[in-house]
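Input: a single structure, listed below in structure tokens.
The values are calculated or read from the model by the stated rules, or taken from the named source; none is laboratory data. In this text, all values refer to a predicted model and were calculated from it rather than measured experimentally. We place every Cβ from the backbone using ideal geometry, glycine too, and count neighbours over all the protein chains shown.
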Ligand code: SF4
Ligand code: SF4
């Protein structure tokens, strides 16, 4: 969800309140079922068919429109990200769903889309940010579809930038071993496409993200590790990507400024300085269980929730990926009833993923812990996203 780890502090009031209730074993379900930021997956259906997709073949489920009432009345988040599952914009009542969620007082709505479809309606007026995923054309196909989809997506990014008034327009580029050579050409394409649009260029932001495979610490195998290593780029590729960029930067200083200020380009330096090892090591077969600290607390699970198209609520974004009911708090139609003993399992950081290697929100938890022990004077981004 959030790329700035301090954003979790936007929800510190709710976190402290829920933590105090759980510590005192006070069951106030209407308080405990609330969340600060939810990721809502409206549908598993999609217009594309990416080979790295984690959600294909999961049954193409769809969120029932009636369940949105439970979000508005019981969960009442201050921020909602509409994301996959599949492609949210092809949810049959997408416009109505956004208008319904916008009824939550002061809520901010964000959308993660593959950019192939722009639904009709007033929904754009209620969106604070959008992130469009762009993929590579590989073997003559764009994510399992005709290559022309790449132009459709880039034209739609342009529409969001120039016509929609959405304050933040992010572009997400997924990279992996087989498409590393596309990173530079993609960056240049975005730069040259929008750089002369003085009014809107400053709203473009590119996020480069390494592809990853789903792995559970209890189910690691040498085969899965091999798959992970082969999916990720190798050090030679990262070094050569960096040197290609340096070469371009020496010719065009403003391209360098663009990437340094309007992208997370630094990820390639981080990868070359050890982050790649971390990604590789996630799937390395090792002894389990990892050392557990009895005093550990997870605060992230008190602020965030992911709700899947079947209506199951997951308080841990790391485990939600697996779509297993055992990792959920229960079904949204049961709210405000909220199974406290289940939430406690996450709050006491007792799951198999509650460790620095597997937890995707480890650094956010550290930020909250430090802030609870001794409130810090740090910058908390005012918005809940990006
Ligand atoms: S666009 Fe997203 S949901 Fe659709 S197939 Fe690709 S990865 Fe999966
Ligand atoms: S893996 Fe554990 S510590 Fe991390 S978010 Fe999930 S429940 Fe919290």
Looking only at residues in the stretch 356-374 that are over 14 Å from residue 301 (Cα atoms) and surrounded by fewer than 19 Cβ atoms within 10 Å (Cβ to Cβ), which one is farthest from ligand 1 (Cβ to nearest atom)?
374
Tabulated pairs, the stretch 348-369, first more than 22 Å from residue 277 (Cα to Cα), second in a helix (DSSP H, G or I) and within 16 Å of ligand 1 (Cβ to nearest atom), C-beta under 6 angstrom, 6+ apart or interchain:
none
If I go through the stretch 120-141 residue by residue, how many of them are assigned to a loop (DSSP other than H, G, I, E, B) and either exposed (fewer than 15 other Cβ atoms within 10 Å of the Cβ) or out of contact with any strand residue (DSSP E or B) (no Cβ under 9 Å at 6 or more places or on another chain) (or both)?
5
Given 279, 302, which one is within 16 Å of ligand 2 (Cβ to nearest atom), part of a helix (DSSP H, G or I) and in contact with a helix residue (DSSP H, G or I) (Cβ under 8 Å, 6 or more places away or on another chain)?
302
Conditions (1) under 20 Å from the mean Cα position of the chain (by Cα); (2) modelled with pLDDT of 95 or more; (3) more than 9 Å from ligand 1 (Cβ to nearest atom) -> residue 87 fails only (3)
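Is one or more of the residues making up the stretch 148-160 outside any helix (DSSP H, G or I), over 23 Å from residue 261 (Cα atoms) and in contact with a helix residue (DSSP H, G or I) (Cβ under 8 Å, 6 or more places away or on another chain)?
So far as the stretch 148-160 goes, no, none of its residues is outside any helix (DSSP H, G or I), over 23 Å from residue 261 (Cα atoms) and in contact with a helix residue (DSSP H, G or I) (Cβ under 8 Å, 6 or more places away or on another chain).
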The residue from 356, 295, 345 that alone is assigned to a helix (DSSP H, G or I) and at pLDDT below 95 is 345
Examine the stretch 17-33 for a residue that is out of contact with any helix residue (DSSP H, G or I) (no Cβ under 8 Å at 6 or more places or on another chain), over 17 Å from residue 103 (Cβ atoms) and buried (at least 22 other Cβ atoms within 10 Å of the Cβ), and state whether such a residue exists.
no
Can you pull out the residues in the stretch 305-345 that are in contact (Cβ under 8 Å) with a residue 60 or more places away in the chain, more than 13 Å from ligand 2 (Cβ to nearest atom) and surrounded by fewer than 16 Cβ atoms within 10 Å (Cβ to Cβ)?
333, 336, 337
